[in-house]
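The block underneath contains the structure these notes are about, expressed in structure tokens.
Since every read-out is calculated from the coordinates, none of them should be taken as a lab result. Please read all numbers here as calculations on a predicted model, not as lab measurements. Quick reminder, even Gly has a Cβ in these numbers, built from the backbone with ideal geometry, and neighbours come from all protein chains shown.
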Amino acid sequence: LYDVLNVAGNVRHVVVDSGHDYNQPMREAMYGWMTRFLKGEGDGSPIAEPEIETRAPESVRCYPNGTRPKDHVTVPMFAEQLAKYAIGRQEFDDHEMALRTDLNTRTKQLADELDYGVNTAALSNEIKLGIDSVGTKLSFSFESEPGLDVVVRYREDISDEKSEAVVLLISLVDRKEGHDKAIADIPDKARYYEVQLRATGSAFPRGDVISRAVGHNSFQWGAFIGRPLLAQWVFDLRRTIEVLKAQDLIGKESGVSILSTGEAGVIAFTANALIKDVQGVVAIDAPYTLVRGTPYEKSHVGVILPNMFNIVGDIPHLIGISVQDKDTVLLYTSEDGNPNADEVSEALKPALKVKEVLKSLNDVLLLTQGE
């Protein structure tokens, strides 16, 4: 082809015995060829590589000759400093009228941040019945948004008389691992539905754990397109309530409570703040803060809302938004890996301040195993 186009001089076949490395003869051949065609110099013959002179290690160290400080700042530690600075500016007001205005503003900002404009009127509220493959539970699925189904599992026959107490159970871990202990805490007469949120449980995408970050890719793509995973999960809960009412599985005016396990507590707190039909939350072993100075170890990064610290504050501020008319219970089931109760109580002060200033009859309760 090069001969036909009269540019045979533009290609040269060079054989280099290099094993499998990019060795010096190969590099020198490339230097000469690139110099000819990129700089217009020489005839393309190999150009000798200059001798490599190593530098003394001390000359390239960030802290040479023992000058390294006793302490240092890692990226997570720097992020923690910025987070604390942002949260420090989110203190709730002591005056009732100013506080109510502040809560309304934060609620609107949070809703705007999570609203990505899905037209629910165009979605079907029809359900597809099925038999769950685990245990004796029944299940149905519905279209949360075009092309995306959410699975809901339940024990009762759907023809049973509707219970006044309706509980939505959510978890980000495997159902069997995360739900069994939560189900034991549901009152006998309550009707409960296990909601498998998108990209969780059996729908968790393959390869979505990068290093120590669970849900890494889902979270990243959600942030890229302006639809954080937290927003998508809250939307799934809203759609679940709509479908349950449309199918007459709960009363039109019925409220629901959310029972969450682990990190799904952040989803529950957010839904409690934004969804009118949610009346309260019981969060089992939920995180009480998103601020940390260490990497997120095997945590689902989807519970992080970008810019949350500047919009609302930390988790206690998120809980504080709903204290004016809804209950929140944080239940810790064991000492293994769970925070000290005094630490949680201290962290919850912003939410308790809202309750005090508004003289709210609703509760923010912290319970430990056996209480």
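What to note about this one:
- Spherically averaged projected area of the convex hull of Cα atoms, region 8-53: 4.0 nm².
- Global size of region 17-84: 22.3, 62 Å for Rg and Dmax (C-alpha atoms, Rg to one decimal, Dmax whole).
- Per-peptide packing, taken as the mean over residues of other Cβ atoms within 10 Å, places 97-107, 40-50 in the sequence 97-107, 40-50 from highest down.
- Residue-wise HN-Hα couplings along region 95-106, as the Karplus relation 6.51 cos²θ - 1.76 cosθ + 1.60 with θ = phi - 60° gives them from phi, are 9, 4, 5, 5, 5, 4, 4, 4, 4, 5, 5, 5 Hz; Gly and Pro carry x.
- Applying the criteria of a DSSP loop state and at most 16 other Cβ atoms within 10 Å to the trypsin sites (Lys or Arg not before Pro) of region 205-278 yields Arg206, Arg212, Lys252, Lys276.
- Compared with the dominant Cα axis of the chain, that is its longest principal axis, helix 75-88 is turned about 40°.
- With a Förster radius of 56 Å applied to the C-beta separation of Lys39 and Lys108, the computed FRET efficiency comes to 0.40.
- Of the trypsin sites (Lys or Arg not before Pro) found in region 7-96, those in coil by DSSP whose Cβ has at most 15 other Cβ atoms within 10 Å are Arg12, Arg55, Arg61, Lys70, Arg89.
- As a ratio to 2.2 N^0.38 Å, the alpha-carbon radius of gyration for the chain is 1.39.
- Nearest-20 debye value, the chain charge dipole, Cβ charges on Lys, Arg, Asp, Glu: 480 debye
- Paramagnetic reach from Met30 in region 5-22 [backbone N under 12 Å; point 7 Å along Cα→Cβ]: 21-22
- Among Met26, His95, Val344 the positive-end extreme of the charge dipole of the chain (Cβ point charges): Met26
- Filter on Lys276/Lys359; Lys245/Lys353; Lys252/Lys349; Lys276/Lys353; Lys276/Lys349; Lys108/Lys128 - keep pairs with C-alpha separation over 32 Å: Lys245/Lys353; Lys252/Lys349; Lys108/Lys128
- Label-to-label distance, nm, for residues given as Leu361 and Phe78 (7 Å Cα→Cβ offset): 5.1 nm
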